[in-house]
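Nothing in this text is a laboratory measurement; each read-out follows from the coordinates by a stated rule. This is a predicted model, so every value here is computed, not measured. Because the Cβ atoms are built from the backbone with ideal geometry, glycine has one as well, and the counts that use them run over all protein chains shown.
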Amino acid sequence: MRKIVFILVFIAGMTAGVHTASAQYCMDYGTISRKGADLYSGETKLSAEEVCSLLAETAEIPYSYYESTRKGFNAGKGMLIGFGALTGAGLVTLGVGAAGMFLEGMATGIGMIFTIPLAAMTGEKAEIDFNYRFYQVTMAGLIATGTGILGLAAGTAVFCVYKKRMNGIVKSCNYARLPVMLSCGAQKNGIGLAVNF
């Protein structure tokens with residue numbers, strides 16, 4: 001008799017309505033996005049306390065991991081800006097040095113055109129020195145350009161690694177915040193227990 005009552009109560013509960021239970025993991029911040037190294041909820045920048053509670057409640061990511069990722073992202077961006085400026089300055093210096101060496105060579109060549117015939121007529125030895133006055137400028141530009149390019153390569157690697165980690169944190173926060181629904185009763189494919197997420 002108990003089995004029949006239990007089965008009838010169960011069937012009545014299943015057919016009378018659907019019983020649902022939902023689990024929400026944290027405060028509703030909406031969709032989390034990233035602008036640079038900062039996290040945003042909509043158009044509102046999240047404070048450090050909000051980020052700390054969001055990471056702890058949703059993705060179970062330690063705040064120290066977020067902070068180190070944020071610092072690495074900013075360092076990579078700074079490296080790109082700094083070494084980009086060094087490369088640009090090096091290219092300008094290299095161009096000035098190369099143009100100076102070209103003009104110095106042209107002046108020496110033109111001087112030789114006039115000096116050699118005069119020296120031949122007077123019987124003296126023509127001595128024209130190419131002084132390399134722009135050699136140091138050219139080498140400084142070359143060294144600055146090379147250093148800047150190597151720094152850009154390193155900065156790009158750092159920036160890309162930490163950008164991917166920041167995107168992973170945002171993805172973890174948004175993915176972990178999906179609602180989980182547990183329902184018992186009539187489902188779209190029949191009667192039973194369903195977990196929707």
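If R0 is taken as 22 Å, the Cβ-Cβ distance between Val195 and Val170 corresponds to a FRET efficiency of 0.30.
Loop-located GluC sites (Glu not before Pro) in the stretch 99-197 (DSSP state not H, G, I, E or B) with no more than 12 neighbouring Cβ atoms inside 10 Å: Glu124, Glu127. When you filter the chymotrypsin sites (Phe, Trp or Tyr not before Pro) in the stretch 115-166 for DSSP loop state and at most 16 other Cβ atoms inside 10 Å of their Cβ, you are left with Phe130, Tyr132. Taking amide H as placed 1.01 Å from N in the peptide plane, Leu39 has its amide H under 5 Å from the amide H of Leu46, each at least 5 places away in sequence or on another chain. Shape of the stretch 45-135 from the C-alpha gyration tensor: prolate (a/c of 1.5 or more and a/b above b/c, with a ≥ b ≥ c the square roots of its eigenvalues).
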